[in-house]
1. Classify region 361-445: rounded, prolate or oblate, from the alpha-carbon gyration tensor (a ≥ b ≥ c, eigenvalue square roots; a/c under 1.5 rounded; otherwise prolate if a/b is larger than b/c)?
2. I need the shape label for region 336-411. Rule: rounded when a/c is under 1.5, else prolate if a/b > b/c, else oblate, with a, b, c from the alpha carbon gyration tensor.
3. Check cross-link reach from LYS87 to the aspartates and glutamates: straight Cα distance under 15 Å, and skip same-chain residues fewer than eight apart.
4. With a Förster radius of 35 Å, plug the Cβ-Cβ distance of ALA450 and SER85 into 1/(1 + (r/R0)^6) and report the FRET value to the nearest 0.05.
5. Roughly how many Å² of THR371 are accessible to a 1.4 Å probe, to the nearest 10?
6. Provide the gained length on full extension for the span ASN96 to ALA43, in nm with one decimal, where the gain is 0.36 nm per separating residue minus the Cα-Cα distance.
7. Can you tell me how much longer the chain between ALA51 and THR170 gets when fully stretched, taken as 0.36 nm per residue apart minus their C-alpha distance, in nm with one decimal?
8. Per 0.36 nm of contour for each residue apart, how much would the distance between GLU339 and SER373 grow if the chain were fully extended, relative to their Cα-Cα spacing?
Amino acid sequence: MLSTVRRCTLDRMLRALLTFGSVFVATFLARSATAETYQVGPAKAHKDLQAVQQRLKPGDIVEVDGDATYAGGVFFRAAQSGTASQKITIRGIKVNGKRPVISGGGSGVLDGLGMVLNGSHYVLESLEVTGSAHTCVVHKGDDITIRDFVVHDCPGHGLLGHDDEAGSLTLEHSEFYKCGNGTFEHQIYMTTGQEMYPGAVFRMQHCYVHDGNGGNNVKTRSQRNEIYFNWIESAHYHALEMIGPDKSPATPAREDSDVVGNVILGGGPQNWHLVRIGGDKEEADTSGRYRFVNNTFVIGAGGAHSAVRAMLRVDTVEMHNNAFVRAGQGTGPLFETKEVRWVNGPSLAGSNNWVQEGLTGAPEAWKGTLTGSDPGLVDLAKLDVRPKGDSPLVDKGAANPASVSGREFPNPLGAPTSVPPSRQPSTAPIARVASGALDIGAFEVGSGTAAPPPGSGGTSSGNTNGDPSGGSGVGGGGAAPGDDGGCGCRAVGRCALNLSGVALVTGLGALAVLVRRRRSAR
């Protein structure tokens, strides 16, 4: 027989297990009971996203039938938020290989806007957004993932973050083209609200951004930027701009940017600087740290003002394993630093970069810089920038490049494990398969796929109503205008959210939607 002590112990264990099991089952059943799946489509009970947008609760899933077009003006409100453990998922279901299309903008408070993400903890997948009267997608929530999107033909911004209410966002496996306008509206314009969401991160990875109609391809004022494994080409002005907040808090945080494994090509209409960092006005600089590792920069045949332009206060810039290549007779300096004000003295550190002859200004502080007349790429004329087996880039990279001593870059990405999609969208990471030592540039020899040549229609939205232009390549463009291009978003006409002074009443109270006023200097 069991002793009294052992029997009491077993009784306690049994009660504990029963209690745990009851709680687990109750929690599981509660979640199962509350989470719902809504189906949207021409033949479904819900004909559009507007029919379900105010019903959503944590854990809900919305499945939207593809090969159909739905009205824009979709508003996922803050009251309809998920949680970190139970996110709300909006998922396009491809039909005949085509995504669902969100086309046009709403009326009233949503005039000109295709989709507004004011709720937090969302995952949005496999949608095409186009044809709004101004901005296609507005981000003003937190913990948002946008995946497998195609955003195109937006007369204003393609994707726009809100100065105050934007938290962390991950953008991946998505394509943007033919968005932007003038100098102040961009294909992707991201920011994070440092007071509402301190430490928020904008991560953009495995994306294809090309052929902007105006502004920059990617402009970000986020507190931390993680720009990984993207193909960015043919911007109207800058391909990539990472600068300080437009609306600074009393004590702005340092903004840091980690840029790894990208192909960044010039050759847009203005042949502007490929990358701009630092700030664009006195009260909006980052004082930040910038890290560029294993990128391939291609300066177009018409030249460029520089590969990287630094302005106002910058702490450190470190560059390792990057390839600087010129197309045709393209020339230009690597850096323009005449407008920079270093936080702690000049800091242009780097190692194991390859610079093609004809490009000037490699910093003296760089170690192990390589030069040559030919980078040994598969076919630069066709924008296939993968290295050939005998390329001088092969096995010349450093696997763990050192950061700036005492001013180390925080939480850097390790050795690159992926390569960018070659001028076409991707639905999954493309592995960077190492063979021997790490190669310089965005590709490892033998990794990646051939790029569709310029003008071949290589990009595809998956829908016949898209405009797969194939990109304009790295040919020369018109002369750059006065030095005021590629700046921020100014509230000119219908710039920004166009929701000025309107309160939208919901079940939880009034949601005031603020006007975005973006100001920028050269």
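1. Verdict is oblate for region 361-445.
2. Because a/c hits 1.5 or more and a/b exceeds b/c, region 336-411 counts as prolate.
3. GLU36, ASP60, GLU63, GLU125, ASP142, ASP143
4. Taking R0 as 35 Å, the efficiency between ALA450 and SER85 is 0.25.
5. So the heavy atoms of THR371 present about 100 Å² to solvent.
6. Going from the current span to full extension adds 17.5 nm.
7. Computed gain between ALA51 and THR170 is 40.2 nm.
8. Contour length minus the Cα-Cα distance gives 9.2 nm.
The values are calculated or read from the model by the stated rules, or taken from the named source; none is laboratory data. Nothing here was measured: the structure is a model prediction, and the numbers come from that model. No Cβ is skipped: glycine too gets one built from the backbone with ideal geometry, and neighbour counts run over all protein chains shown. Note: accessible area is taken over every heavy atom of the protein model, side chains too, but ligands, DNA and RNA are not part of it. Shrake-Rupley method; radii C 1.70, N 1.55, O 1.52, S 1.80 Å.
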